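Report on the following structure.
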């Protein structure tokens, strides 16, 4: 009795809502992930901007941004900027719901490459390329937000990953900086001989282990998609080689299946259980803090190339981008702010305030960055780094890769099978092109 | 049973470095109130606390009243449409919440209630769970009691207010605790329904300041969690004696 | 009889209408709020599940095409979705009885036991419920690390603890135990309230007649608890079928999808912008919840 009434009731109410649905003939017949920009690069006047401006920034950046903006407000007294800090957790849901309900702010920070994922909603305003030049920025970061030839975000800060290692253990084992894949593996095994339980912490599972694999794929000459982003190129030797290399660390027990989040591997690095790991700039401070006074046995090095050679192997670059929403009432001020935030001088100031590495290449010439010893390692890695391709389905594709990689690491499938499976899944997801 | 809670208490007075340490320590080696200081310093604590209290308090009071009202109607009155209504209530109870999020946001937005306290309160002012609970409990009140009152000339409103509600104290106390807890700890809706940080509630604010892109500040998180628990515990301790008011159903002389 | 029937029938009808009006008066606040904030969004999402709404339609949700049951068919060919259903079933079949029986045992114990410390016990069991899931998950993760406290303690008695959260077979039991631990308090509170309603004179009479504690429990207390038992089972079942937070913060659905719940899967599909697909998945879950609830009603219904 209850069951029937309950079910019927829900269906009755639902049927009432069915009226009025259907794609109108005037909308295009392109697949649903295609993008319709409202107006490509509307003319923006940033000389005398005014009016209120709503800005969202995430986490730490959200806390610190207001300090940076006092200068902006001095130079543009008629603009009234309000910064709202939003949490990292669930920020994607928050942005999506806001776009759905027409409640998005004027400007927001997003994690790279989320702009590409958000673009198909039509809720992002294309970047006015006469105002902000893509060439100023690291190529990969800029490209990551291009869909169908249109840019949807400007890189604000970048984040690249290098290898952290215990210098004392390396010294003890008499190890030199590795310059090839084989040498890297010997290096980490050597760290174990010198006392570390794990030669290297490689993420076995969980969110985005694929981002540790990708540099290896690039080092092996492969990539995620082809030139015009129409096809995935995962079922290739480069991928199979990279996956095999990744898995070999586990087979040789240089790494193990324990998944450690940020905050969990640093203490083990400090007490010598973990000999090395892959991470970004933020871990410099954290490792130093965890190690306390007198701990300076941490060294950084760039990725090696696959077959040996000078110069770093290709690394991964991510970071944070800035987007302007299509609904904005103050397009001029919004882009004006984005332009200001991505100028070299402001970028250096922001680095000094937050520690975020600049996305604008010119900013790296400034002594504040050029003269910093550890920052320079990241700078070296940036000489050869790639970002994720700008495809709208990138989140979903990476998740599929995460899972297959975990299977390979656990020995459930071979590297070739994993690559083939990744290709199959990625293709069924599509590039959204 | 309580070990995780104790660990949390202990952790709230440890600096992050010690919390993360391996091998783990139990008693704090260098206890510090720094986490709590940070909690009140960095967060606009009074504001978030006030928001949380207003939202959770109103939702709880609303539920207590409205759910009882309809619970009484469903349990004790015969009327047209009763089956349909109860069926809908039970039906809604079973729909996974996650699916209603975007439509709900659009609805609240169309009503102009995004980023307002009513926007945080209204969608949860009554819950199917509350209705179900009160209906079950009120259903257990012997009909004779109510009939006696009716013979004495009392109308339904009077019966509801003077007889049924007092008898329901254990159930009401339970409902209040459950509702308050759910509302107090809720994260996802306050996150999307607040556009500016003066509308954040405590769980959202805590996540903002403690959970970063690169790692969590555990000490701050624990301190925050300890503080957030307090009002609920206080409410629980205040209400839990009502659970033992045993006179409700014994002996209708 | 027949000559006095018409006025009596009319009076009866009037009373019936009056009662209906009063009843709807009582029900009105709920019904209005419910219709606006619950029924309507649910209706919209149900419609969403039979369309092809995707991320590009986010701002124009009505400009989509009706696709009938395509989404549902696709779901049943989706390995990960099916796997999540099995996981969810596992979780519910083990977790619900564990939680209910545990809570009942505790409530009975606390109710009749040590009077002085009763408050403390009640509060103590309720604390896991009130603690934020993030804090809880963080703590449990720390404890369950291969070199964490649990294994350290096991090591003291000579057992080498496994990597709890890394094992495809152990991860789910861990999650179940954690969920039961967390939710026992809620159900305990409900049972405590209900235990107050067990007729004390019946219990006393039974004691005089020489019935044992277990017999008294079984024949007097348990039947009296039936309506509440139904309620507790239904809400625990409904809640567990939608379990999400535990795998989300503890294991991210892993290892190898061992703890992937249907709600988690649905949530991530929403995240990828597959709105109609995710809606359809939610309604499959709804059917499961409906089925379980009906079953529970059948088994536990008392004669109200």
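Every number in this text was worked out from the coordinates using simple rules, so none of it is lab data. Everything numeric here is computed off the predicted structure, so don't read it as measured data. Here Cβ is always computed from backbone atoms with ideal geometry, including for glycine, and neighbour counts include all displayed protein chains.
How far is the Cα center of the range B:72-120 from the Cα center of the range A:112-156, in Å?
41
When the Debye formula is applied to the Cα atoms of the range A:158-305, each taken as the same point scatterer, what base-10 log of I(q)/I(0) results at q = 0.10, 0.17, 0.19, 0.22 Å⁻¹?
-0.35, -0.96, -1.18, -1.51
Between residue B:241 and residue B:161, take the C-beta separation as r, use R0 = 22 Å, and let me know the FRET efficiency to the nearest 0.05.
Working: r = 22 Å, r/R0 = 1.02.
Calculated value: 0.45.
Given q = 0.10, 0.14, 0.16, 0.19 Å⁻¹, what are the Debye log10 I(q)/I(0) values for the range A:40-150, with equal point scatterers placed on the Cα positions and solvent ignored?
Relative scattering, expressed as log10 I(q)/I(0), comes to -0.33, -0.68, -0.91, -1.28.
To check you understand DSSP bridge types, tell me what percent of the beta bridges within the protein assembly as shown (both residues inside) are antiparallel, rounded to 5.
The antiparallel fraction comes to roughly 65 percent.
Looking at the range C:112-204 from every direction and averaging, what is the projected area of its Cα convex hull in nm²?
The number I arrive at for the range C:112-204 is 8.8 nm².
Give me the inter-chain shielding for A:199-207: mean count of other chain Cβ atoms within 10 Å, whole number please.
2
Taking the Cα atoms only, what angle lies between the long axis of helix A:282-291 and the longest principal axis of chain A, rounded to 10 degrees?
The angle comes out near 50 degrees.
So what are the three principal axis dimensions of the range C:1-59 from its Cα atoms, in whole Å, longest to shortest?
71, 23, 11
Quick check: from the Cα gyration tensor, does the protein assembly as shown come out rounded (a/c under 1.5), prolate or oblate? Display every interim value, and only then the final one.
Working: a/c = 1.98, a/b = 1.53, b/c = 1.29.
Prolate, since a/c reaches 1.5 and a/b exceeds b/c.
Per 5 Å bin, what is the whole-percent P(r) computed from every C-alpha pair distance within the range A:248-356?
Pairs per bin, as whole percents: 2, 8, 13, 14, 15, 15, 10, 9, 7, 5, 2, 0.
At R0 = 35 Å, how high is the FRET efficiency between residue C:70 and residue C:297 if r is their beta carbon distance? Nearest 0.05 is fine.
E between residue C:70 and residue C:297, to the nearest 0.05, is 0.60.
In whole Å, what are the Cα extents of the range B:19-95 along the three principal axes, biggest one first?
Largest first, the range B:19-95 extends 67, 32, 20 Å along its Cα principal axes.
Can you tell me which of B:12-20, B:53-61 comes out highest on packing, and rank the rest after it, using the mean Cβ neighbours within 10 Å?
The densest-packed peptide leads the list: B:12-20, B:53-61.
Set the Förster distance to 22 Å, then compute FRET efficiency between residue C:59 and residue A:148 from the Cβ-Cβ distance, nearest 0.05.
E between residue C:59 and residue A:148, to the nearest 0.05, is 0.75.
If you find the alpha carbon centre of the range A:177-254 and of the range C:177-238, how far apart are they in angstrom?
Rounded to whole Å, the Cα centres lie 57 Å apart.
Within 10 Å of each residue's Cβ, count the other Cβ atoms and sort B:97, B:156, C:77 from fewest upward.
Result, fewest neighbours first: C:77, B:97, B:156.
In chain A, what % of DSSP beta bridges are antiparallel (nearest 5)?
65
Give me the orientation-averaged projected area of the Cα convex hull of the range C:29-87, in nm², one decimal. Don't skip to the end; give the middle numbers.
On the way: hull surface 23.6 nm².
Taking a quarter of the hull surface, the average projection is 5.9 nm².
Beyond 13 Å, how much of the Cα-Cα pair distribution for the range A:163-227 remains, as a whole percent? Before the final figure, lay out the partial values.
Numbers: 1412 of 2080 pairs.
Tail of the P(r) past 13 Å holds 68 percent of the pairs.
Considering all projection directions equally, how large on average is the shadow of the alpha-carbon convex hull of chain C, in square nanometres? Intermediate results must be reported in sequence, preceding the final value.
Values: hull surface 103.8 nm².
The directionally averaged projection comes out at 25.9 nm².
Is the shape of the range A:301-399 best called rounded, prolate or oblate, per the rule: a/c under 1.5 gives rounded, else a/b larger than b/c gives prolate, else oblate, with a ≥ b ≥ c the square roots of the Cα gyration tensor eigenvalues?
It is oblate, given that a/c is not under 1.5 and a/b is not larger than b/c.
Which one of B:118, B:203, B:166 has the biggest mean-square fluctuation once chain B is modelled by GNM with Cα springs under 10 Å?
B:166
Could you tell me whether chain A comes out rounded, prolate or oblate from its Cα gyration tensor? Rule is a ≥ b ≥ c as square roots of the eigenvalues, rounded for a/c under 1.5, then prolate if a/b exceeds b/c, otherwise oblate.
Verdict is oblate for chain A.
Quick one: A:63, A:396, fewest Cβ neighbours within 10 Å first, how do they rank?
Exposure proxy ranking, most exposed first: A:63, A:396.
Taking the Cα-to-Cβ direction at residue A:362 and at residue A:176 and moving 7 Å from each Cα, how far apart do the two end points lie in nm?
4.1
Compute the angle between helix A:210-219 and the longest alpha-carbon principal axis of chain A, please, reported from 0 to 90 degrees and rounded to the nearest 10.
For helix A:210-219, the angle is close to 70 degrees.
Using the 10 angstrom Cβ neighbour count as an exposure proxy, how do C:84, C:239 rank, fewest first?
The most exposed by this proxy come first: C:239, C:84.
Using alpha carbons only, how many degrees (0 to 90, rounded to 10) separate the axis of helix A:2-17 from the longest principal axis of chain A?
70
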